Amino acid sequence: MRRLLGATAILALLAAGGCDRKADSPGAKTMPKTALDEDIPPADVVTVDLPSGADPSFGATPMAQRVAVIGLLNKRNGVAREVSLKPGQATRVGDVIIRLRACEQTAPWEQEHYTGAFVQLDVQQFDRTWKRAFSGWLYKERPALNVVQHPIYDVWTKSCAMTFPVGGPDSVSVESETRSSAKKSPAEAAPSGEAPAPTTPSTAADSNAT
């Protein structure tokens, strides 16, 4: 019995050693290391913390007020039409329902420009039930990023009407800085009990100041 146990133990050790040698053999495949395997992040990755409650799209048109134009094509008869929707709206064209969940475009000061819309396409089947044929983002400049795979209908993004703050998010009002550092005019230096005479703004920027 002791000899049998000893032989079994020796075989187990040999098998373990053989597995280790097999793993270290030149033909064994090893997974390459990536940045995720290291504790130190890559030097070209910068993490930025936004202030509490900050809105990254501050100054842009609110989502509910944007308007997207979606193109719809019937491949059978070749008829194409445009549909204008606001986020949260839906419209039915024959046996197709188009829903717009959101639309977005990159700011004018960005290097690459994208115009996208999150669209959902529902198509009525022969049994009168509705089936979702597509749900996702569609980009005007990069239509190949997300393709609507349907034998009859195709939809795509044509535009997203929205605005951004002039000059970018980090711009500073020059007018406010100039006014704060300039000397007060006689009208501004008048006693609080007397109202200054009205003046005509010299520029359009002054007339739009708040």
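Any read-out appearing in this document is the output of simple, stated calculations on the displayed coordinates, not a laboratory observation. Values in this document were obtained by computation on a predicted structure and should not be read as measured data. Using ideal geometry, Cβ is built from the backbone for each residue, glycine included, and neighbour counts are taken over all protein chains shown.
Can you bin region 63-161 into rounded, prolate or oblate? Criterion: square roots of the alpha carbon gyration tensor eigenvalues sorted a ≥ b ≥ c, rounded for a/c under 1.5, prolate for a/b above b/c, oblate for the rest. Walk me through the intermediate numbers first.
Numbers: a/c = 2.20, a/b = 1.72, b/c = 1.28.
The shape class here is prolate.
Given a Förster radius of 25 Å and the C-beta distance between LYS158 and GLU112 as r, what FRET efficiency does 1/(1 + (r/R0)^6) yield to the nearest 0.05?
Details: r = 19 Å, r/R0 = 0.75.
About 0.85, to the nearest 0.05.
Rounded to whole Hz and in sequence order, give me ³J(HN,Hα) for region 135-140 from the Karplus expression 6.51 cos²θ - 1.76 cosθ + 1.60, θ = phi - 60°, writing x for Gly and Pro.
7, x, 7, 10, 10, 5
Among residues other than LYS86 whose Cβ falls under 13 Å from its Cβ, what is the net charge (Lys/Arg +1, Asp/Glu -1)?
On the way: positive: ARG66, ARG99, ARG101; negative: none.
Here the charged neighbours net out to +3.
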